[in-house]
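The values are calculated or read from the model by the stated rules, or taken from the named source; none is laboratory data. In this text, all values refer to a predicted model and were calculated from it rather than measured experimentally. In this analysis, Cβ positions are derived from the backbone assuming ideal geometry, glycine residues included, and neighbour counts consider all displayed protein chains.
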Amino acid sequence: MALTVIDHPLIKDKLTRMRKSDTSSKDFRENLNEIGQLMAYEVFRDVPLKEIEIETPVSKTQGYTIDVPVVLIPIIRAGLGMTEGIQRLVPTSRIAHIGLYRDEETLEPHQYYAKATKDIDKSYVLVVDPMLATGGSCSKAISIAKEWGAKNIKFVCLVSVQEGVDRIQKDHPDVDIYTAALDPILNEDGYIVPGLGDAGDRIFGTK
């Protein structure tokens, strides 16, 4: 399993905007979707292609098209904020959903919703959530995806810490992780520091 930190100037600029406490929900959502879209270029680097014949205005030629179904699995609710940007690049992608909430005392995840898509066992699967903190929710979501039959899974997040990365490496050594930033620590409440706060609340303006 590989960890890829996508260290790009455009991503750094947009992530800095998101970290600011005075950033509005509108700007937070827009930058999150744009970062998801920028990250997709790297995440899809190894997606299988097939060669097809097409006709341009001048002549026939050979082109390429993605050769596998693509499934995005946002972890509800914050993961929904990254999905739109990725789907803009791959508009044929299907979207499954996994709803988890975290126990505020134990920090352990609990499932309250799950909806799969067809042919997930043959698909290129991206589990998506802006934050990789303790790793509990991410690990649980990946386990659910595997129960559905998913085999080719990648996890895409915005901000992570080593503790969460270590958890996924231990629980799911076959899953690659893509992140835009690796922050230093988790605080006693399980929040990433410096992080960007509660991503779900900031996306949907619920606090």
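Going residue by residue through segment 198-207, is there one that turns out to be farther than 18 Å from I98 by Cβ, touching a strand residue (DSSP E or B) at 6+ places or on another chain (Cβ under 6 Å), in contact (Cβ under 8 Å) with a residue 12 or more places away in the chain and buried (at least 22 other Cβ atoms within 10 Å of the Cβ)? So far as segment 198-207 goes, no, none of its residues is farther than 18 Å from I98 by Cβ, touching a strand residue (DSSP E or B) at 6+ places or on another chain (Cβ under 6 Å), in contact (Cβ under 8 Å) with a residue 12 or more places away in the chain and buried (at least 22 other Cβ atoms within 10 Å of the Cβ). The strands (runs of 3 or more DSSP E) falling completely within segment 77-189 that include 1 or more residues that are in contact with a Ser or Thr (Cβ under 6 Å, 6 or more places away or on another chain), surrounded by 17 or more Cβ atoms within 10 Å (Cβ to Cβ) and modelled with pLDDT under 95 map to 97-102, 109-115. Of all the residues in segment 72-94, those that are β-branched (V, I, T) and over 17 Å from M39 (Cβ atoms) number 2. Being outside any loop (DSSP other than H, G, I, E, B), among the acidic types (D, E) and at pLDDT below 95 is a property that E51 lacks. Within segment 9-48, the only residue that satisfies the criterion of being surrounded by 16 or more Cβ atoms within 10 Å (Cβ to Cβ) and in a loop (DSSP other than H, G, I, E, B) is T23.
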